[in-house]
Amino acid sequence: MFVTSSGIINGKFQDKYGKRGTEFNENGIPSYSIPFKIVDAPLNTVSFSIVLEDKDAYPVTGGFSWIHWLAANITKSELFDDESKHAEDFVQGANSWMSPLVGKQSRTLSSFYGGMAPPDAPHVYELHVYALDTLLDLKNGFLMNELYKKMETHVLAEYTLKAVYDN
């Protein structure tokens, strides 16, 4: 299994997916989600889950990576630009924008794509995609630890797509 994104050009995410874009939620958080396509998933795949994280945030946050997007029960192999805002066919978890570090945005408003906004330097963003043999018992607003617990023993394949977003 591998994953591609038309939102990546020459190893970098396009500006529109982060702080240099034009679409933001009511708190000024970038909200235009990245597209991606999953190719050659295992035959018995029932759903996909994703985690979009920024491990380069570790020094900025004082000790943890920043989660930009969690989604589960994706039953198609491609998501298009900006699907997060209007998704009704998969569930989305709470991202790190609800952290007290940035004003504690509500869990509801954080349960969408929360775009890239590296404050100090270009950061590498990792889109982890998991092919699963089941749908997961999760509701909108789930937390990352809940996602990983529900995925245990159900991961058929995984792939990590990496690209840079400039600060």
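The values are calculated or read from the model by the stated rules, or taken from the named source; none is laboratory data. Model, not experiment: these values are computed from the prediction. Counting neighbours? That spans all protein chains shown, and the Cβs are built from the backbone with ideal geometry, glycine included. Just the protein is used for accessible areas: all its heavy atoms, side chains included, with ligands, DNA and RNA removed. Shrake-Rupley method; radii C 1.70, N 1.55, O 1.52, S 1.80 Å.
Brief remarks on what is shown
- Amide H contacts of ILE34 (H built 1.01 Å from N, under 5 Å, at least 5 apart or other chain): ASP82
- Dipole magnitude (debye, nearest 20) for region 72-167, charges at Cβ of Lys, Arg, Asp, Glu: 380 debye
- Amide H to amide H, with H built 1.01 Å from N, LEU156 comes under 5 Å of ALA131, LEU132, ASP133, counting only residues 5 or more places away or on other chains.
- Couplings 3J(HN,Hα) of region 94-110, computed from phi: 7, 9, 6, 5, 8, 5, x, 4, 10, x, 6, 4, 4, 4, 4, 5, 7 Hz, in residue order, whole Hz [Karplus 6.51 cos²θ - 1.76 cosθ + 1.60, θ = phi - 60°; x for Gly and Pro].
- In the context of the full set of protein chains, the chain has a per residue accessible area of 48 Å² (1.4 Å probe).
- Region 12-113: radius of gyration and largest Cα-Cα distance (Dmax), Å: 14.2, 43
- Of the solvent-accessible surface of the chain, computed with a 1.4 Å probe and all protein chains present, 52% belongs to carbon and sulfur.
- Long-range HN-HN contacts of PHE24 with modeled amide H, under 5 Å: SER31
- Largest-first principal axis extents, alpha carbons of region 1-70, Å: 40, 29, 27
- Positive-end extreme of charge dipole, the chain - chosen from LEU43, VAL3, ASN167 (charges on Cβ): ASN167
- Residue (of TYR113, MET98, TYR17) at the positive-pole extreme of the chain, dipole from beta-carbon charges: MET98
- Dividing the alpha-carbon radius of gyration of region 86-167 by the rule-of-thumb value 2.2 N^0.38 Å gives 1.22.
- The chain - percent relative contact order, Cα under 8 Å, separation 6 or more: 28 percent
- Qualifying trypsin sites (Lys or Arg not before Pro) for region 97-167 [loop in DSSP, other Cβ within 10 Å: at most 13]: LYS104, LYS139
- Debye, to nearest 20: dipole size of region 46-113, +1 on Lys, Arg Cβ, -1 on Asp, Glu Cβ: 360 debye
- For region 56-97: Kirkwood Rh in Å [reciprocal of mean 1/r, alpha carbons]: 12.0 Å
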